[in-house]
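Computed from the coordinates by the stated procedures, all read-outs in this text should not be read as laboratory data. Just so it is clear, the structure is predicted and the values come from calculations on it, not from any experiment. Note that each Cβ is placed from the backbone with ideal geometry, even for glycine, and that neighbours are counted across all protein chains shown.
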Amino acid sequence: MANIILPSAWRIAEREATSESVYVTRRACLGLLGLGGLALTGILPGCSMPVSEEEFAKEPRNWEFSGADRTVYPAKRNPAFPLDRPLTAEHIAAQYNNFYEFSEAKDDVWRRVARYKPRPWQIEVKGLVRKPMQIDVDDLLRTMPIEERLYRLRCVEAWAMAVPWTGFPFKALLDRVEPLSTARYVRFTSFHKPSVAMGQRGYGPWPYTEGLTMAEAMNELTLLVTGIYGHPLPKQHGAPLRLVTPWKYGFKSIKSITRIEFVHEPPATFWNTLVPHEYGFQANVNPAVPHPRWSQRTERMIGTNERHPTLFLNGYKRWVGHLYT
Ligand SMILES: Nc1nc2c(c(=O)[nH]1)N[C@H]1C(S)=C(S)[C@@H](COP(=O)(O)O)O[C@H]1N2
Ligand SMILES: [Mo]
């Protein structure tokens, strides 16, 4: 695909990673500084500051309680996952999102999801399982062991946040569908609706897909997330159901899941298909392995811009280290 990139934006992109893909690096957002590349649409998007907590509270909410989850939130916090840093402010996390179905910029996803409807929502679980199922997300919620966990999330672009997710361990779903011994990978598929998700009218192997090995999927850390900050997920965070694998780069944590399949062969995934030399299938957080265009040694916390050294496996070695020896 032809692409026009301003050299100045590129130099900044190398200093402070800005976008997952060479195909989509058209703008860089550095604090107050806005440098836009030329979008293919011909629009030069601005680089806006997040609105304040007070102003944000006046905006229409991007989440609502369903009948089922009225009783779920706030869920009891599981204390097994301590944080080494303060939580990111809710209004900051809610205004800085990677969700390419809606925008290539992070600062306007929360506005562009307006017409997206996360309910009613069916989830299909199939493939190499004894008990395949198709279930409404609210029926799933009603029967799963819902809890809150504090996790760090590290984007491959070298920014990070720390948030309270609400959800249930992937393992609980696995126990219900009973995978066959021939299942070696799990393939996740996001929604596909170009009429509301403008990004899906452009390039990309839509819908967004991701994958895990069975061992990764079964790990205690692997969470299917339905809420954040003690309430249901706002649309920009991937309502009504997303994956969170905190030891892997954020792009593995696929949003708005419609299908979960148990398969024998490694599944093709969105970023690995688009830019295979930059985004591997495994995508474990590792300060010693630089991205081809930037270092991964440190990360910037969104909201505070505080710098932290990147932790091996994002600090979750205790839980998942044994998977990779
Ligand atoms: N369907 C879908 N899931 C996705 C993405 C996406 O573009 N589409 N972006 C990923 C990336 S790159 C990151 S860093 C996280 C960001 O999650 P957040 O916006 O809730 O912080 O979502 C991941 N899940
Ligand atoms: Mo990301």
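Quick notes on this one:
- In units of the rule-of-thumb radius 2.2 N^0.38 Å, the stretch 246-291 shows an alpha carbon radius of gyration of 1.25.
- Spin-label model, residue 84 to residue 48: label points 7 Å out along the Cα-to-beta-carbon direction sit 3.6 nm apart.
- Share of Cα-Cα pairs in the stretch 124-193 lying beyond 21 Å, as whole percent: 44
- For residue 119 and residue 277, a Förster radius of 45 Å and the Cβ-Cβ distance give a FRET efficiency of 0.70, rounded to the nearest 0.05.
- Rg/Rh, computed from the Cα trace of the stretch 229-325 with Rh as the Kirkwood radius, has the value 0.98.
- Size check on the chain: the Cα extents along the three principal axes, sorted descending, read 54, 46, 40 Å.
- Distance between the stretch 175-244 and the stretch 260-309 - C-alpha centres, whole angstrom: 16
- Cross-link pairs 76/248; 106/252; 76/317; 248/317; 58/252 - those with Cα-Cα distance over 22 Å: 76/248; 76/317; 58/252
- Summarising the label geometry, the points placed 7 Å from Cα in the beta-carbon direction at residue 196 and residue 131 lie 3.1 nm from one another.
- Taking a point 7 Å out from the Cα of residue 182 in the direction of its Cβ, the residues of the stretch 264-301 whose backbone N falls within less than 14 Å of it are 264-265.
- Theoretical ellipticity at 222 nm over the chain - DSSP helices of four or more residues, -39500 (n - 2.57) apiece, nearest 500: -3500 deg cm²/dmol
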